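**Q** Sending over a structure as structure tokens; questions will come in a sec.
Values quoted throughout were computed directly from the atomic coordinates according to the rules given, and no laboratory measurement underlies them. The shown structure was predicted, so the numbers you read here are calculated from the model rather than taken from an experiment. Virtual Cβ from ideal backbone geometry, glycine too; neighbours counted across all protein chains shown.
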Amino acid sequence: MIIADLLETLTPQEWATRSLCEAWTVREVGAHLSLAATASLGEVRATAIRVRGSFDGMIREATIARAAARSNAEIIADLRNIVGSHRLAPGTFWRDPLLDVLVHGQDLSRPIGRPLAMPIEAARTAADWAWQRGFPFSPARRFRGIRMVADDIDWSREAERNCAVRSRRCCSRPDATRPWLT
């Protein structure tokens, strides 16, 4: 797995670098990527109760707890051990782990100056899925009136106002200024 391979090469400073996910470091994003396939139902319930049912709070707190409980080597091993797993978190579908790996791979690799390659067909599948997915993304509602158009593959969604974006950026987080919107 490319992400596990990257994590094996990180310095302590890179592990501690703030990721593109506001609340997490590179290390915590690494821990998050195996969470859905390895968390027990009891662990999920306990965290959901502790954060009073907040979906974002549950993901954030479970990830931080997972990272705190594991060494860097264990985080890497967790990632390697879930390759090929068909176990999904409740309420998720087969394309959700693909979207997670593509987006969070960029979230942890870009801040340390080592962006990962984005496979075009995987990016297309993930972008399609993100657009179709309601909760928690709801892009059709959030980006109403904006046309998303990839400039490196045949992909677009919605209508009205134009927006040029590379498919590799469709599956990564924009910075605060959103330079990908025109």
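**Q** Would you mind checking which residues have amide H under 5 Å from Ile153's amide H? H placed 1.01 Å from N; only 5 or more apart, or other chain.
**A** Under 5 Å from the amide H of Ile153: Ser167.
**Q** Does anyone have the angle between helix 55-69 and the longest principal axis of the chain? Alpha-carbon axes, 0 to 90°, nearest 10?
**A** On a 0 to 90 degree scale, this one is about 40.
**Q** Please identify every one of the GluC sites (Glu not before Pro) in segment 1-59 that sits in a loop by DSSP and has no more than 13 other beta carbons within 10 Å of its own beta carbon.
**A** Glu22
**Q** Taking the inverse of the average 1/r across all pairs of different Cα atoms in the chain, what Kirkwood radius in Å do you get?
**A** Mean inverse Cα-Cα distance, inverted, gives 17.2 Å.
**Q** For helix 72-82, what angle does its Cα long axis make with the longest principal axis of the chain, in degrees from 0 to 90 and rounded to 10?
**A** So the inclination is approximately 60 degrees.
**Q** Expressed as a rounded percentage, what relative contact order does the chain have, with Cα pairs under 8 Å and six or more residues apart?
**A** Relative contact order comes out at 19 percent.
**Q** Which of Ser71, Ser156 comes first, and how do the rest follow, when ranked by fewest Cβ neighbours within 10 Å?
**A** Ser71, Ser156
**Q** Which of the peptides 75-85, 93-103 is most tightly packed, and how do the rest follow, going by the mean number of other Cβ atoms within 10 Å of each residue?
**A** 93-103, 75-85
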